[in-house]
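Heads up, the thing below is written out as C-alpha cells.
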Amino acid sequence: MCHFLQLLLFFSLIALTMPMSAEPPPRQIQVPSLAEIPEPTSASLQSIEGDSGDLPQESVFAIYRWDRFPQVIVLDMADFSEQDHMFSRLAFFLEKRGYRGRLLSDTQLAGKHGWNAHDYGPDGLASFFNKAATTRFPLDPEETLLRDVALREGIVTRRGDSLVPGSGAILSISRSSSKYERILLLAHESYHGIYFCMATYRELCARTWAATPASERRYVRRLLEYLGYDDSDSSLVVNEFQAYLLQQPKSMASAYFERIGKLIANAEGVPEAAEVMPHLLKDEAVLEGFLMSNYAIEAGGVAQSAEGGR
C-alpha cells in the first residue's frame with residue numbers, strides 16, 4: 001500500500017469525529033447576510049478539496065455547487081470554530097446519541113464538538129429550524145445564515161410559518177482539516193449528498209441493509225455507537241452504513257474494517273471483523289456497482305482522484 005493510502009487509512013479512523021488540527025485563534029468577524037453570499041461556484045470534488053488556502057478575513061465559508069449533483073451545496077468553512085457555530089447544534093439535534101431531538105443552549109454545547117464534516121438533507125433541516133421557530137429558540141447568526149442558504153437553494157421551502165423539505169443537501173468540510181482529512185471527509189460526505197438527492201439510491205441502500213446478516217448489522221451499529229451516532233434512527237444508520245462502506249477506495253476496505261474491528265472488538269455480541277468482512281465487501285460492491293453504472297462514481301471518490309485513479 002502506498003504512503004498516501006496508508007495515511008488516508010489512518011485518518012479514516014478518526015477524522016470524522018476528533019478535531020486533529022490546531023485551532024486558530026477566535027475569528028472576530030461579522031457574519032454576513034444572505035445578500036452578501038455569492039451564488040455557489042460549480043466545482044468538482046477534486047477542485048473543492050484542493051481549494052484549501054486561507055479565506056479572506058471577513059469570510060465564514062466558500063460556497064460550491066457539486067458539478068455532478070447540482071442539488072448538493074458544499075460549504076467549505078474557514079475553520080472548526082465557524083463550522084461548530086453553524087453545524088454543531090444541528091448535529092446534536094439530528095445525530096448524536098443521547099441528544100437527538102434536543103436543542104442545546106450555547107452553555108450546554110460548550111466544550112462539545114459535533115463532527116469535522118457535516119451532511120444534512122431537507123427533512124433534517126426543516127425539522128431543526130421548525131423546532132427552533134416554534135420554541136422561540138435563539139439561534140447563532142451562522143445558523144440563521146444556514147437556514148437562509150437552504151431556503152435560497154430550495155433545500156427547504158416556506159409553507160406559511162413553517163419550513164417544508166425541498167430537494168438537495170448541504171455538506172460541510174473545514175479548512176482547519178489537513179489535506180488527508182479533507183480528502184477523506186469530502187469523499188464520505190459526497191455519498192451522503194447522493195443519498196439525500198437520489199431516491200433510487202436510498203431505496204437500494206435500504207434494501208441492502210435489510211438483507212445484511214444480523215452479525216453485520218451488529219458490527220455496523222456498534223461502530224456507529226462507538227463514534228457517537230444515535231443508532232436508534234434507522235434512516236441515519238442506513239445513511240452512515242453506505243458512506244462508511246464507500247468512503248475509502250475498495251482496495252482499502254478490508255484494512256479499514258479490520259482496524260475498526262479492533263476498536264469495537266470487546267463489545268458484547270459484536271462479531272470479529274473477519275466474520276463480517278465478506279458481507280461488508282459484498283455490500284460495498286453492490287452499492288459501488290450501482291453508482292458506477294448510473295453516475296460513473298466509484299468507492300473512494302476524491303481519494304481515487306488524489307491517488308491517480310479513474
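Do you know which of the residues in region 153-184 that are at pLDDT below 95 and among the hydrophobic types (A, V, I, L, M, F, W, C) is farthest from F241 (Cα to Cα)? So, considering only residues that are at pLDDT below 95 and among the hydrophobic types (A, V, I, L, M, F, W, C), the one farthest from F241 (Cα to Cα) is I183. In the set (1) assigned to a helix (DSSP H, G or I); (2) over 19 Å from I183 (Cα atoms); (3) more than 14 Å from the chain's Cα centre (by Cα), the condition left unmet by S232 is number (1).
Okay, residues lined up against (1) not charged (D, E, K, R); (2) not in a helix (DSSP H, G or I):
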site: H113; (1), (2): yes, yes
site: D123; (1), (2): no, no
site: A126; (1), (2): yes, no
site: R136; (1), (2): no, yes
site: E143; (1), (2): no, no
site: D148; (1), (2): no, no
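Restricting attention to region 274-286, the residues that are surrounded by fewer than 20 Cβ atoms within 10 Å (Cβ to Cβ) and either under 22 Å from the mean Cα position of the chain (by Cα) or of a type in the set (G, A, S) (or both) add up to 4. Sort out which residues of region 148-162 are touching a Lys or Arg at 6+ places or on another chain (Cβ under 9 Å) and farther than 13 Å from D123 by Cβ, and write them in order of number. Of everything in region 148-162, those that are touching a Lys or Arg at 6+ places or on another chain (Cβ under 9 Å) and farther than 13 Å from D123 by Cβ turn out to be L151, E153.
Residues in region 221-240 include at least one that is over 29 Å from S44 (Cβ atoms), surrounded by fewer than 18 Cβ atoms within 10 Å (Cβ to Cβ) and among the polar types (S, T, N, Q).
Within region 273-293, residues that are closer than 12 Å to E258 by Cβ and free of Cβ contacts under 8 Å to residues at least 60 places away in the same chain have Cβ atoms under 9 Å from residues that are in a helix (DSSP H, G or I) and among the basic types (K, R) in these pairs: A273/R259; A273/K262; L281/K250, counting only partners at least 6 apart in sequence or on another chain. Scan region 260-270 for residues that are crowded, with 20+ Cβ neighbours inside 10 Å and not in a helix (DSSP H, G or I) and the total you get is 1.
Taking the criterion of being at pLDDT below 95, of a type in the set (G, A, S) and surrounded by 22 or more Cβ atoms within 10 Å (Cβ to Cβ), the residues of region 61-117 that qualify are A78, G114.
The values are calculated or read from the model by the stated rules, or taken from the named source; none is laboratory data. Please read these numbers as outputs of a predicted model, since none were measured by experiment. We place every Cβ from the backbone using ideal geometry, glycine too, and count neighbours over all the protein chains shown.
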